[in-house]
Protein chains: 4
Amino acid sequence: MKHRFDPTVYHTTLGSHAPVLRLADGDTLLTRTVDARGVDYRGEQVAGAPNPQTGPFYIEEALPGDTLAVYLERLEPNRTHGWSNAALMPNVMDPAYVREAPERMLSDWHIDLERGTATLITPETHLGRWALPVRTMLGCFGVAPVDGQAISAATSGQHGGNMDYRGFRPGVVAYFPIFMEGALFFLGDGHALQADGEILGAGIDISMDVQVTFKVLKGWSIRWPRGEDERFIFTVGNARPLDQALQHATTEMLRWLQTDYGLDAYGAHILLGHTVVYEVGNVIDPAFTMVCKVPKEALPARV
Amino acid sequence: MKHRFDPTVYHTTLGSHAPVLRLADGDTLLTRTVDARGVDYRGEQVAGAPNPQTGPFYIEEALPGDTLAVYLERLEPNRTHGWSNAALMPNVMDPAYVREAPERMLSDWHIDLERGTATLITPETHLGRWALPVRTMLGCFGVAPVDGQAISAATSGQHGGNMDYRGFRPGVVAYFPIFMEGALFFLGDGHALQADGEILGAGIDISMDVQVTFKVLKGWSIRWPRGEDERFIFTVGNARPLDQALQHATTEMLRWLQTDYGLDAYGAHILLGHTVVYEVGNVIDPAFTMVCKVPKEALPARV
Amino acid sequence: MKHRFDPTVYHTTLGSHAPVLRLADGDTLLTRTVDARGVDYRGEQVAGAPNPQTGPFYIEEALPGDTLAVYLERLEPNRTHGWSNAALMPNVMDPAYVREAPERMLSDWHIDLERGTATLITPETHLGRWALPVRTMLGCFGVAPVDGQAISAATSGQHGGNMDYRGFRPGVVAYFPIFMEGALFFLGDGHALQADGEILGAGIDISMDVQVTFKVLKGWSIRWPRGEDERFIFTVGNARPLDQALQHATTEMLRWLQTDYGLDAYGAHILLGHTVVYEVGNVIDPAFTMVCKVPKEALPARV
Amino acid sequence: MKHRFDPTVYHTTLGSHAPVLRLADGDTLLTRTVDARGVDYRGEQVAGAPNPQTGPFYIEEALPGDTLAVYLERLEPNRTHGWSNAALMPNVMDPAYVREAPERMLSDWHIDLERGTATLITPETHLGRWALPVRTMLGCFGVAPVDGQAISAATSGQHGGNMDYRGFRPGVVAYFPIFMEGALFFLGDGHALQADGEILGAGIDISMDVQVTFKVLKGWSIRWPRGEDERFIFTVGNARPLDQALQHATTEMLRWLQTDYGLDAYGAHILLGHTVVYEVGNVIDPAFTMVCKVPKEALPARV
């Protein structure tokens, strides 16, 4: 069943808040997200920073210990104005270089959906009217965290949240561990495009029309967000420093390979060790995001 | 001019050791490397761990402040037996998971150069006789470090060394800052293939026939290793933790964009921020390696 | 005014929960805490892990932007049985050494308040009936975090929480930034003693009788927990890795010295740089705690 | 036997350089060190940065696998001018705060040995002519590293080096693992005083008269520097980030407790866990230094 939902309230935390809508396992949701600072498709400020979330959506049958599969079917900017920052976050540069970097200030971008381009409007730089292809993604989404916590949409954890990983794009399935009854799914912080690390402190941030479909995977228990696309399965670790995020993602993948792909321990280690691809989600939020990917062509059949 | 050099001595440090050969700017070197534990193309143990290096090669005209360009033209296993490890290094897993992982032990691989495959021989696992395509690369190479230091071939730094980055493959140009007269170039630790992070503590390690050509870039001064291939320019940071390696690589790229591509500071930050790709070289050696890449198609013309 | 409060509900998150009691600025609270696993003074399990908190206490006049001073006047175990762990947490050892360490298991301690000793009961080790002096402290306490968040009592942040710093002992004043109206103060996780880092994953954990007095410091705005004792003022950073916790604490101290002690920037840097003492609070919780201390004898008069 | 040695050459690396003097096991050395930038007791520049070392001293009977005990008997400034820096190193502050900090510049101090004071001369700050008690220590000392390496005196490792730990003061015994025949001991970088972390990038740096006595501990094998004073035994980890330095030091102490104090594994973990004191050596050099201390009063008799 398809539900259209027009949000009127937004949350800056992912927590066990009152559901805005109940959906059944297998249902599809069409809704809107505002940008990271709360501006909507009409250019109106309707919520406050950081990363105001649409939701939460209560998914029937979803119980702690299950997994929520979220099919990202459509992520489409619903206005033409996007924004970003014009200088890198200080923590991604050598500490002694920080003073040499320019001061941080916003940049403006024009999104042309028909041509599929994002064009730099301000500031004036030697790049001129520089254009990049639009590659939409969702920066912050996930479920209510364990134990009734309400965690800021500025950061991320085992429940998902502000992972700012460019791999969460249309065509991808994201999996979240379910900690609270109904899962309580949130979404927001769409980007017209974003490179690795979100090192400007923003992608090209914009409001969006979003379509997702939910599936509850009963009895499939995971500890960290996972996902898959046409070519890869992947696991997501959220922590500081990057080393620890990488440990979480790597350990989660070792578990996945042994649980679902019929591999013994040495088989899982060898397969992962010789095929792994790591991607940096974000390296500027309170928790960094490291993604551990394995190509599907290297995997044995799922058992 | 083309030089064939058959090594008889090997070094386990990169330092200001006596040159084994002098080459002119523009010369090509054909030589051999032994594997990471010192076994050569005949299967004979001719040197000791770690990563015994062929060299150093003195490049004429190379002076401190210049840069050495190394064209990786040919990296070819010169025997059929490769080895690796069958279990991940403990530091890439969650500390509480380390006890659940299998004990580390070596694995054996058969390299078939004609078919271009590496096939797992031991241990016995559910993977069976699992085969992967050969993708050769050089794990440890670089120049003599600053100030007369002699640094173990187990680790890396601004001089290069044991970066274990799979992007150092045939067709790539690597750039090293020159710290000592003659540059004093070393090379070793070839891998038939290696995934991101070298998380098994080895690639598929093997001895190799290598062909490289040297160019001295007078007056082009860099601080960290750089490189380029068909599609990307890249910078390399070597340090712990990954965050700091990323800071080094990112800062070096900001410098490159402003020095050579005619970009003002905001232009460089914006270009890098919206196009950067990070790759994990190794995440298990004493210094980790993070690579910061920019696609050439996004770059303005070089000035 | 003195309030006695006997808790009946406990929270495993610090958040904007319904206050259990309202106190005026200057009031004193006598209450009880249960141990980190929810066992009370009678040995009864009355709450669940982690670190169930007594509270929250609403302090009148406390508004966002003010600071809450908490005078730790009495922290006294109210039973004789304490517990800890008998093996270090894996993350404080070299990753390659983790397998050599013994498996984690609980230890039991007998607390004799009259003699002021804690005596090891189990497990049997070469230490025998080893005794240490009791030095009570509070492991987890603080206020409701910013933006309506509810954050697990297992971790810490700018609002305090599970800092596990042995310097929070009787005679100390702790300062917390106030984020929510009424401050909403929580406390729990008393330790009969704990060394630096809480590297066993516990101190000697026990239920306690606690007496604290509250003062609202109107218009004194801080970003991280602070404190003072007879000899030192100190600031507290909570983050991973230790480096970042140290950055937070150091930056907060630079602010304090310039705001309240009449120092120019160079004066503050020089004073801090030549007198600082760092202490490790915990190095095993989701956020580590680093404390930055300056001896009072080195300080100019407060302005 | 007592040797007086007046240095004429200095090394900026610790490596297998030609010994300047040979001493027997048990001999005492009286010599001089220059300051971190190579200025000697007469105020003359006699060597270049960083941390030029006096030595190396060849200790007879010292073989790889043994340990070198160095008794720090006298560390005395031999001139009245000391220097430091007036602003913290950028890496110890929050990245976003770095721009708010003043620019780094040198400070000058007057050392009055009779009164035992160091007095700030420049820059002018609100501190005025601020005076601190002299507490001398040695910033950089150690032995030739493993495998013939020559490692910059700017950094540290298992061989010691630039640890910048204020606990290396008169009355202390330092222990170093011996990697090369003769141990090859180096020393330099004296500080009239230094607080935790060396966060200004310097202590109060000065040239010194030094007296040390050497003992070779045959067959006592250690992996990291250790030491002891009147009240504590301690181990030293050198690495980045602080977390890893702490892992090295903690693991080394676990080994020590089990090898020399007759403790079983649980006994060692419990004793360490409930008594450990951590101190930050430096948190600004290429490798950070974390010290793990155990009070002697808590130790069983040495076996």
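Please compute, for peptide D:234-245, the average count of beta-carbon atoms on other protein chains lying within 10 Å of each residue's beta-carbon.
5
When a/c is below 1.5 the answer is rounded, else prolate if a/b is larger than b/c, else oblate, so apply that to the protein assembly as shown with a ≥ b ≥ c taken from the square roots of the Cα gyration tensor eigenvalues. If you can, show how the numbers build up before the last one.
Details: a/c = 1.45, a/b = 1.05, b/c = 1.37.
Rounded is the answer for the protein assembly as shown, as its axis ratio a/c remains below 1.5.
With the label 7 angstrom out along Cα to Cβ, how close does C:Thr122 come to the same site in each of the other copies, in nm, nearest first?
Listed shortest first, these distances are 4.5, 6.9, 7.0 nm.
Taking θ = phi - 60°, what integer Hz values does the Karplus form 6.51 cos²θ - 1.76 cosθ + 1.60 yield along region A:149-165, in sequence order, with x for Gly and Pro?
Running phi through 6.51 cos²θ - 1.76 cosθ + 1.60 with θ = phi - 60° gives 5, 10, 10, 3, 6, 7, 10, 9, x, 5, 7, x, x, 7, 7, 6, 10 Hz.
Check cross-link reach from C:Lys2 to the aspartates and glutamates: straight Cα distance under 18 Å, and skip same-chain residues fewer than eight apart.
C:Asp25, C:Asp27, C:Glu60, C:Glu61, C:Glu73, C:Glu76, C:Asp209
Could you list which residues have their amide H under 5 Å from that of C:Gly26, counting only those 5 or more apart in sequence or on another chain, with H placed in the peptide plane?
Amide H to amide H, under 5 Å and 5 or more residues apart or across chains, C:Gly26 pairs with C:Phe214, C:Lys215, C:Val216.
Picking from C:Asp209, C:Asp147, C:Asp35, which is most flexible by a Gaussian network model of chain C using Cα springs under 10 Å?
In the Gaussian network model the winner is C:Asp147.
Which percentage, to the nearest 5, of the DSSP beta bridges contained in region A:1-121 is antiparallel?
Working: 11 of 18 bridges.
Roughly 60 percent of the beta bridges in region A:1-121 run antiparallel, per DSSP.
With each run of n ≥ 4 DSSP H residues scored as -39500 (n - 2.57), what mean residue ellipticity at 222 nm is computed for chain C after dividing by its residue count and rounding to the nearest 500 deg cm²/dmol?
-3000 deg cm²/dmol
Would you mind working out the magnitude of the charge dipole of chain C relative to its Cα centre, with +1 at each Lys and Arg C-beta and -1 at each Asp and Glu C-beta, to the nearest 20 Debye? Kindly include the intermediate steps, with their values, before the conclusion.
Values: 25 positive and 36 negative charges, 49 e Å.
It comes to approximately 240 debye.
Which far-off residues, 5 or more places away or on another chain, put their amide H under 5 Å from the one on D:Met137, with H placed in the peptide plane?
D:His191
At a 10 Å Cβ-Cβ cut-off, how would you order B:Leu217, A:Leu271, D:Leu193, fewest neighbours first? Provide the component values of the computation, followed by the final result.
Numbers: B:Leu217 15, A:Leu271 26, D:Leu193 23.
With the sparsest Cβ surroundings first, the list reads B:Leu217, D:Leu193, A:Leu271.
Based only on other Cβ atoms within 10 Å, what is the fewest-to-most ordering of B:Met105, C:Met180? Let's see the in-between values first.
Details: B:Met105 11, C:Met180 21.
Placing the least packed residue first, the sequence is B:Met105, C:Met180.
Quick one: what are the phi-derived ³J(HN,Hα) couplings along region D:94-101, Karplus 6.51/-1.76/1.60 with θ = phi - 60°, whole Hz, x for glycine and proline?
Going residue by residue, I get 4, x, 6, 9, 4, 5, 7, 7 Hz, with x marking Gly and Pro.
From Cα pairs below 8 angstrom and at least 6 apart in sequence, can you work out the relative contact order of region B:1-156, rounded to a whole percent?
Numbers: 237 pairs, mean separation 39.7, N = 156.
Dividing the mean separation by the residue count of region B:1-156 yields 25 percent.
According to the square roots a ≥ b ≥ c of the eigenvalues of the Cα gyration tensor, what is the shape class of chain C, taking rounded for a/c under 1.5, prolate for a/b larger than b/c otherwise, and oblate for the remainder?
Details: a/c = 1.72, a/b = 1.23, b/c = 1.40.
Here chain C falls in the oblate category.
Students often forget the sequence filter, so: which lysines lie under 28 Å Cα-Cα from D:Lys293 once same-chain residues fewer than 8 apart are removed?
Reachable lysines: C:Lys293, C:Lys296, D:Lys215, D:Lys218.
If a/c stays under 1.5 just call it rounded; otherwise compare a/b with b/c (prolate if a/b is bigger, oblate if not). Do that for region B:1-126, with a ≥ b ≥ c from the square roots of the Cα gyration tensor eigenvalues. Numbers along the way, then the final one.
Numbers: a/c = 2.42, a/b = 1.74, b/c = 1.39.
Prolate shape, in that a/c is at least 1.5 and a/b is the bigger ratio.
Using only alpha carbon pairs under 8 Å that are at least six residues apart, calculate the relative contact order of region A:226-298 and give it in whole percent. Write down the numbers at each step before the final one.
Numbers: 117 pairs, mean separation 30.2, N = 73.
It comes to 41 percent, rounded to a whole number.
For region D:227-237, in order, what is each residue's ³J(HN,Hα) by Karplus, 6.51 cos²θ - 1.76 cosθ + 1.60 with θ = phi - 60°, in whole Hz (x at glycine and Pro)?
After applying 6.51 cos²θ - 1.76 cosθ + 1.60, I find x, 7, 10, 4, 10, 9, 9, 8, 10, 10, x Hz.
Given H placed on each backbone N at 1.01 Å, which residues far from A:Glu198 in sequence or on other chains put an amide H within less than 5 Å of it?
It is A:Val283, by chain and number.
In which sequence would A:Met137, A:Met290 go, from the one with the fewest C-beta neighbours within 10 Å to the one with the most?
Working: A:Met137 22, A:Met290 31.
Going from least to most buried by this count: A:Met137, A:Met290.
Could you tell me the relative contact order of chain D? Use alpha-carbon pairs under 8 Å, at least six residues apart, and round to a whole percent.
On the way: 862 pairs, mean separation 70.5, N = 303.
Value for chain D: 23 percent.
Nearest to the axis that maps chain C onto chain B: list the chain C residue whose Cβ wins, with the distance in whole angstrom.
Result for the axis mapping C onto B: C:Val98, 2.
Every read-out reported here was derived from the displayed coordinates using simple, explicitly stated rules and does not represent laboratory data. Model, not experiment: these values are computed from the prediction. Every residue, glycine among them, receives a Cβ derived from its backbone with ideal geometry; neighbour counts consider all protein chains shown.
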